[in-house]
1. Could you tell me the calculated FRET efficiency between A62 and I41, based on Cβ-Cβ distance and R0 = 25 angstrom, to the nearest 0.05?
2. Is the range 12-57 best put as rounded, prolate or oblate by its Cα gyration tensor, with a ≥ b ≥ c the root eigenvalues, rounded for a/c under 1.5, and otherwise prolate when a/b is larger than b/c, oblate when not?
Amino acid sequence: MHQPALHPDQDDGAAVLRSALRDAPDEWALFLDIDGTLVDIAEQPHDVRVAASLPQDLARLADRLGGLWLS
């Protein structure tokens, strides 16, 4: 598996990741957690608020990454 090289003098981690994704796109996966990542953590489940744009944002991200697998 291709591992991006991070250098102490290079502070643009996003550029390194973009390069790694370009070089070996089939070797990467993106895992997203709901609580605290996609939506804020709330005291009670019924207090959770999901941004109206979240489904569309996730669909656009899936398209850009070449697919979406849910489990």
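What follows draws every value from the coordinates through simple rules; no lab data is involved. Everything numeric here is computed off the predicted structure, so don't read it as measured data. Neighbour counts run over all protein chains shown; Cβ positions are idealised from the backbone, glycine included.
1. E between A62 and I41, to the nearest 0.05, is 0.55.
2. In terms of gyration-tensor shape, prolate.
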